[in-house]
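First the structure, in the form of structure tokens, and then the observations on it.
The values are calculated or read from the model by the stated rules, or taken from the named source; none is laboratory data. This structure is a prediction, so every number in the text was calculated from the model and none was measured. When we count neighbours, we look across all protein chains shown, and the Cβ atoms used for this are built from the backbone with ideal geometry, even at glycine. With ligands, DNA and RNA removed, areas are computed over all heavy atoms of the protein, side chains included. Shrake-Rupley method; radii C 1.70, N 1.55, O 1.52, S 1.80 Å.
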Amino acid sequence: DVKHKDKRHRQLNQSVVKAGEYLAAQANAELHVVFAVEPSQVLIDLDITTAAKAQRKAQSHYADELARLTGKLQLPQSRVHWPASKVGRGVNQVAHKINADLVIMGSESQRGRSLFGLGRGAERILARAWHDVLVVHGEG
């Protein structure tokens, strides 16, 4: 999640990318990056925006941060995915589409605030996952 640019989230994002890079190299596999764009259903219902517009806006707004995070990997655009949907649905749809062997995601601990002590996004991904999932925890 590149929306949060504080030091803690940047370190978590870097840890997730490093884990992905390492595991992809070990398995001789392709690494893909997914940034789910959650458009506001209220704004869509009011015809103020569409999922496609929200997706384009997020891409233009967060592309530089994502490029900074993944720059040395030199991923082709075909392996950078921006699904416009809830995070659990979007990440898992991309994983299914590309036939992923593993989904790697970061999670800030939410002890006492969620069922498994993961963040809400991580729990949403896990709830819908049909693939193996590796959770990289933050320092929190």
Among residues of segment 59-70, those that are surrounded by 16 or more Cβ atoms within 10 Å (Cβ to Cβ) and among the hydroxyl-bearing types (S, T, Y), counted: 2
The one condition in (1) surrounded by 17 or more Cβ atoms within 10 Å (Cβ to Cβ); (2) at pLDDT 85 or above; (3) not aromatic (F, W, Y) that Q77 fails to fulfil: (1)
Enumeration of residues in segment 64-87 that are free of Cβ contacts under 8 Å to residues at least 40 places away in the same chain and either assigned to a helix (DSSP H, G or I) or closer than 19 Å to G138 by Cβ (or both): D64, A67, R68, G71, K72, Q77, S78
Subset of segment 31-58 that is in a loop (DSSP other than H, G, I, E, B) and surrounded by 13 or more Cβ atoms within 10 Å (Cβ to Cβ) - its residue that is nearest to the chain's Cα centre (by Cα): F35
Checking L134 against (1) open to solvent by 30 Å² or more (accessible area, probe 1.4 Å); (2) part of a helix (DSSP H, G or I); (3) modelled with pLDDT of 85 or more, the condition it does not meet: (2)
Residue match in segment 92-105 (condition: more than 18 Å from V16 (Cβ to Cβ) and open to solvent by less than 90 Å² (accessible area, probe 1.4 Å)): no
Pair list, Cβ under 6 Å, 6 or more apart: segment 88-105 residue under 13 Å from V33 (Cα atoms), other residue of a type in the set (D, E, K, R): N92/R128; L102/D132
Residue check for G20: within 19 Å of A129 (Cβ to Cβ) and part of a strand (DSSP E or B): no
Residue satisfying condition, being at pLDDT below 80, open to solvent by 30 Å² or more (accessible area, probe 1.4 Å) and either touching a helix residue (DSSP H, G or I) at 6+ places or on another chain (Cβ under 6 Å) or among the β-branched types (V, I, T) (or both), within set R128, R111: R128
